[in-house]
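The values are calculated or read from the model by the stated rules, or taken from the named source; none is laboratory data. The shown structure was predicted, so the numbers you read here are calculated from the model rather than taken from an experiment. Here the Cβ is made from the backbone with ideal geometry for all residues, glycine too, and neighbour counts use every protein chain on show.
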Amino acid sequence: MNYPHWQLAIPGGMLIALVAVLHVFISHFAVGGGFFLVVTESLARRQKDAALLKYCRRHSVFFALLTLVAGAITGVGIWFTIGLVSPEATSTLIHTFVWAWAIEWVFFFVEIAAAIIYAKTWESLPARDHQIVGWIYFIAAWMSLFVINGILTFMLTPGRWIETQNFWDGILNPTFWPSLVARTAVSVILAGIFGYITLPRYEGREKVARWAALWMIAGMLVLPLSLWWYFTRIPQFSQLYLNGVLIGVRHAVRGGVGFTLLALVIALLCGVWKPRWMRAPVVALLVICGLGMIGAGEYLREFVRKPWVINQVVYANDLRASQVEALQTNGVIHTANFLLTDDPASAAYGENLFHLQCGSCHATGGYRGMKRRVDGWDAEFAADILQHIHMLRGTMPPYAGNEEDRKALGRYLAGLNPAWQFNITDGNRLEIGEKVFNSRCGHCHTVNGKFRPLRGVFEKQTPSQVQEMFPALGMMSNNMPNFNAPDDQAQALAYYIAHEAGKPLPQKPVPAEAPTGSPHSQLVRPAQPQPGVR
Amino acid sequence: MQTIPVPHVDPLPLPGPVWLLTALLLVVFTLHLAAMNSALGGGIWALWNYLRGRHSAHPYSRRLANELATMLPAFLAFTVTLGVAALLFVQVLFGNFLYTSSILMGILWLAVIPLVMVAYYGFYYFSFTAEQGKGIAGCVLAVSVCILLGIAFIFVNNMTLMLSPGRWLAMYRAHPNGWNLNFNDHSVLPRYLHMVNGAMVLFSAILAHLGMRKLKMDADYGRWVVQRSALAFATHTGLQFLLGMWLLLAIPREIAMVLLRDPLAGTVFGVALLSVIAAMLLILLGSLAEKPTAMVHAGFGMSLVTLFLMVCLRYLLRLAYLKPYINLGALAVRPQTGVIVLFLLLFVGGLATVGYMLWLVARSAKKRASAVAAS
């Protein structure tokens with residue numbers, strides 16, 4: 001609310017992700033690849049292996065072209081993007097860690113100078129001096145990772161910094177070391193993967209293929225252990241996300257594991273066992289696996305931090321936690337600096353609120369699009385549910401506005417889709433009931449699933465008994481919106497719930513807990529049936 | 001009357017004293033400009049000499065283009081690296097202004113990233129192919145240079161827009177998607193031309209300095225480089241005076257008056273004028289002789305001094321622009337002393353490391369030269 005919101009066709013968070021994944025992919029290679037180059041060069045010189053030395057030289061040109069240009073520029077790209085999408089959070093990080101970044105910049109400067117010298121002086125520098133430059137490069141690159149890792153981990157686990165605001169508490173936070181080990185392992189894996197890009201065609205091919213595979217395997221041995229260590233250090237709400245409560249997280253975990261295992265299989269088969277199989281399409285597949293690993297990892301790292309961008313300080317929509325109360329009391333119109341309209345009664349105001357409050361993660365269509373999510377909502381229900389937005393699946397910040405603001409945004413959200421008109425028959429009742437459930441209840445509940453299951457409440461109820469409870473829903477708990485759907489939809493919904501709750505139980509026990517994403521604390525409360533329902 | 005919306009400063013205190021953050025900003029920005037001027041000015045010099053050198057009558061042009069080709073990627077690498085540091089410190093001091101203006105022109109601001117990348121790969125392409133003198137090397141370099149000129153235009157727009165909070169709300173309401181440029185500000189065009197021509201001025205001085213080092217190896221070629229660059233330096237400096245006057249007339253009168261009323265700004269301005277005149281005289285006199293003299297080096301040194309003074313002046317004018325909205329002296333400060341000391345130590349260590357690597361390269365070059373001479 002302090003800054004203007006950059007209105008894009010896609011959520012700003014997705015833009016950050018696109019730039020960040022590309023940068024992380026290349027920058028980790030920049031660390032591991034430097035290590036790979038200088039170790040391989042020493043090996044080649046010790047063994048007087050001309051073919052291996054020739055490979056190193058060729059690889060160093062590719063390495064410089066990729067890391068100096070795309071790696072460095074996408075790094076600046078992250079700066080630009082976070083400043084545009086999350087200026088409040090960026091400002092907090094800058095004010096906390098400007099000297100860390102300055103230190104990182106020193107290493108970056110040395111790294112760039114060393115990379116240029118290393119790639120250009122294969123002939124002109126004596127072997128020993130050339131390797132010294134290579135080691136300087138690697139140490140500077142790894143130290144750069146060391147510092148940035150502290151800032152990145154701070155965003156999820158600020159630790160004691162919340163109380164002390166002390167630099168060292170922030171940077172050496174609870175996940176600093178496990179994350180550093182994991183990132184180093186990833187760098188080593190990527191060094192192996194990218195090592196195949198310049199694989200010699202004839203002489204030395206087998207040796208390089210096996211050598212690069214060894215790097216991949218070594219990294220993959222360390223990675224799972226470090227990730228487990230990391231998992232034990234992250235907050236409880238993040239652990240719950242990773243335990244599979246949310247579909248997107250489940251897919252990302254499976255994707256990350258799948259890509260890693262596939263890369264491991266390729267390393268063993270085409271790297272160690274049959275190096276001649278390591279042809280261009282296989283290398284391309286390996287690179288895709290590497291990108292997939294990084295993509296999944298970054299997605300999860302970002303997702304498990306929701307609803308925060310800096311845990312307990314700034315929400316994912318770039319709103320400071322400390323600003324929420326003032327916004328709820330005074331309203332957005334009296335608080336925000338940059339609004340597109342001064343008329344809170346206008347339709348444009350609701351749209352403006354949508355961009356301000358939701359635009360960091362949601363657009364109207366596409367990925368995380370709101371249009372399909374609010375299909376079936378009327379303005380009253382939308383305004384009501386906004387009060388409880390932080391309760392949905394634990395990943396949403398609280399709604400920061402007064403009642404007038406909620407109504408304006410509710411009208412906008414309801415207007416994204418035409419109002420539902422159904423001709424309900426016996427044949428489509430169940431299908432329409434499911435649709436109504438997904439629209440009205442499914443954001444917070446499942447019937448038989450893992451997330452706040454309703455089975456316990458409705459298991460032995462008839463459709464009419466279920467429907468009798470609807471008018472009282474809003475009174476059952478402060479966290480429940482009023483039920484105001486038309487009668488035919490209520491009927492279909494009751495029929496669906498009774499039908500689903502009456503199904504035989506699945507074999508697997510359902511977990512007792514689910515994340516709630518409480519706005520001002522990290523407490524995770526068990527998903528209890530609403531008081532009064534029993 | 002509607003108040004002018006300006007985002008509040010960050011609630012966290014500044015992590016270091018304002019004087020230190022300002023000093024670092026001024027130093028790294030000067031170095032960034034020196035590298036940027038080398039990349040842009042060097043690119044234009046390389047392009048001109050590459051095109052000219054296609055005719056056999058101009059072998060020195062061809063040679064110079066080839067030599068510049070090998071340097072251009074490094075120039076751009078250091079432009080980016082030093083630019084990151086400047087961006088870091090300007091965000092701490094003026095983040096609430098810079099973030100806002102960047103958001104207002106978000107699409108164009110972000111476009112800088114892919115544009116730099118294309119220009120950078122273009123420089124590399126040129127460095128690999130210039131010597132062969134065939135194909136599309138010249139076209140690629142021309143595209144890279146045009147891109148750098150475009151990036152400079154985007155930067156000038158943003159750096160002027162961050163000084164104009166009064167325009168922000170109307171611009172945001174007109175294009176909340178970030179398709180804004182600061183065209184309504186009359187100072188944008190002269191400031192842009194001043195920056196671009198300034199790149200030609202400084203790079204000409206750098207080239208004169210580099211040419212002096214070539215005198216030992218090839219006196220004729222070295223003299224040709226020094227005299228050409230000295231002439232260009234004088235011409236572009238003359239033009240820079242005219243553009244500077246245009247810029248002074250284009251900025252708001254009360255800001256321009258700072259140069260007269262504020263003793264510090266007036267002194268910096270006066271000394272900068274004297275130093276540029278000194279630089280011009282030194283480079284011209286030093287290069288006119290049959291064997292160019294060390295005065296060229298002194299002129300190059302004075303050019304760098306001028307650049308630093310102009311950066312300081314720019315900073316003082318920025319303070320004058322933003323005076324109604326921010327008082328840096330009143331900001332809360334909680335210095336992270338231990339980390340600052342660590343940074344300064346590492347900074348010195350980093351410079352020493354780079355120096356050591358360059359020494360390794362120079363030592364090896366010297367040994368090879370001795371070996372060639374001995375054989």
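Some notes on this structure:
- For A:T395, the criteria (1) under 25 Å from the mean Cα position of the chain (by Cα); (2) more than 19 Å from A:Y315 (Cα to Cα) hold in every case but one, which is (2).
- Taken together, A:L386, A:L353, A:L416 contain a single residue that is surrounded by 20 or more Cβ atoms within 10 Å (Cβ to Cβ) and modelled with pLDDT of 95 or more, which is A:L353.
- Criterion applied to B:A85, B:A69, B:A74, B:A111 was being out of contact with any Lys or Arg (no Cβ under 6 Å at 6 or more places or on another chain) and more than 10 Å from chain A (Cβ to nearest Cβ), and the one residue passing it is B:A69.
- Some residue of region B:148-158 being out of contact with any Cys (no Cβ under 8 Å at 6 or more places or on another chain) and facing another protein chain (nearest Cβ under 10 Å): no
- Taken over region A:33-50, residues that are more than 22 Å from A:I112 (Cα to Cα) and either crowded, with 18+ Cβ neighbours inside 10 Å or within 14 Å of chain B (Cβ to nearest Cβ) (or both) amount to 1.
- One residue stands out among those in region A:112-127 that are in a loop (DSSP other than H, G, I, E, B) and within 7 Å of chain B (Cβ to nearest Cβ): the one that is surrounded by the most Cβ atoms within 10 Å (Cβ to Cβ), which is A:L125.
- Set side by side, the residues B:G95, B:G122, B:G41 differ, and just one is without any contact (Cβ under 8 Å) to a residue 60 or more places away in the chain and assigned to a helix (DSSP H, G or I), which is B:G122.
- Tally, over region B:88-100, of residues that are of a type outside the set (G, A, S) and at the interface with chain A (Cβ under 7 Å from one of its Cβ atoms): 5
- Tally of residues being polar (S, T, N, Q) and surrounded by fewer than 16 Cβ atoms within 10 Å (Cβ to Cβ) across region B:117-157: 1
- Among (1) more than 14 Å from chain B (Cβ to nearest Cβ); (2) without any contact (Cβ under 8 Å) to a residue 12 or more places away in the chain; (3) not hydroxyl-bearing (S, T, Y) - the single one A:G159 does not satisfy: (2)
- Only helices (runs of 4 or more DSSP H) whose full extent lies in region B:208-315 are considered here, and the ones with at least 1 residues that are under 23 Å from B:L68 (Cα atoms) are B:219-250, B:263-288.
- Within region A:1-100, helices (runs of 4 or more DSSP H) holding 3 or more residues that are among the β-branched types (V, I, T) and within 27 Å of B:D10 (Cα to Cα): A:72-85
- Whether a residue is acidic (D, E) and closer than 27 Å to A:V309 by Cβ was assessed, and A:D405 passes this test.
- Residue count for region A:162-212 under the criterion of being in contact (Cβ under 8 Å) with a residue 24 or more places away in the chain, assigned to a loop (DSSP other than H, G, I, E, B) and more than 27 Å from the chain's Cα centre (by Cα): the result is 7.
- For region B:1-20, taking the residues that are surrounded by fewer than 21 Cβ atoms within 10 Å (Cβ to Cβ) and of a type in the set (A, V, I, L, M), the one that is nearest to the other protein chains (Cβ to nearest Cβ) is identified as B:L12.
- Answer from A:F146, A:F109, A:F154 - the residue that is facing chain B (nearest Cβ under 7 Å) and either among the small types (G, A, S) or touching a helix residue (DSSP H, G or I) at 6+ places or on another chain (Cβ under 7 Å) (or both): A:F109
- For region A:423-448, filtering for residues that are part of a loop (DSSP other than H, G, I, E, B), in contact with a Lys or Arg (Cβ under 9 Å, 6 or more places away or on another chain) and either of a type in the set (A, V, I, L, M) or crowded, with 16+ Cβ neighbours inside 10 Å (or both) leaves 4.
- Flag for A:A102 being within 30 Å of A:W6 (Cβ to Cβ), within 7 Å of chain B (Cβ to nearest Cβ) and buried (at least 24 other Cβ atoms within 10 Å of the Cβ): yes
- Residue in region B:54-62 that is out of contact with any Pro (no Cβ under 6 Å at 6 or more places or on another chain), in a helix (DSSP H, G or I) and small (G, A, S) present: yes
- For A:Q7, the criteria (1) crowded, with 20+ Cβ neighbours inside 10 Å; (2) more than 11 Å from chain B (Cβ to nearest Cβ) hold in every case but one, which is (2).
- Of the numbered criteria (1) farther than 30 Å from A:W99 by Cα; (2) more than 14 Å from chain A (Cβ to nearest Cβ), the one B:T30 fails is (1).
- Taken over region B:159-169, the residue count meeting the criterion of being more than 11 Å from chain A (Cβ to nearest Cβ) and assigned to a helix (DSSP H, G or I) is 5.
- Test for B:G266: is it without any contact (Cβ under 8 Å) to a residue 60 or more places away in the chain and surrounded by fewer than 20 Cβ atoms within 10 Å (Cβ to Cβ): yes
- Among the residues of region A:335-365, the ones that are of a type outside the set (A, V, I, L, M) and either without any contact (Cβ under 8 Å) to a residue 24 or more places away in the chain or at positive phi (or both) come to 6 in all.
- Enumeration of residues in region A:200-216 that are crowded, with 18+ Cβ neighbours inside 10 Å and at pLDDT 95 or above: A:K207, A:V208, A:A209, A:W211, A:A212, A:A213, A:W215, A:M216
- Test: residue in region A:117-131 that is among the β-branched types (V, I, T), at pLDDT 95 or above and under 24 Å from the mean Cα position of the chain (by Cα): no
- Count of region B:336-364 residues which are within 30 Å of B:L12 (Cα to Cα) and facing chain A (nearest Cβ under 7 Å): 8
- Selection of region A:51-94 for residues being among the small types (G, A, S) and more than 7 Å from every other protein chain (Cβ to nearest Cβ) yields A:A51, A:S60, A:A64, A:G71, A:G75, A:S86, A:A89.
- Of all residues in region B:365-375 being in a helix (DSSP H, G or I) and of a type outside the set (A, V, I, L, M, F, W, C), the one that is nearest to the other protein chains (Cβ to nearest Cβ): B:R368
- Only residues that are basic (K, R) and touching a Pro at 6+ places or on another chain (Cβ under 9 Å) were counted in region A:256-276, giving 0.
- For region B:202-222, filtered to residues that are buried (at least 17 other Cβ atoms within 10 Å of the Cβ) and of a type in the set (A, V, I, L, M), the residue that is nearest to B:M280 (Cα to Cα) is B:A205.
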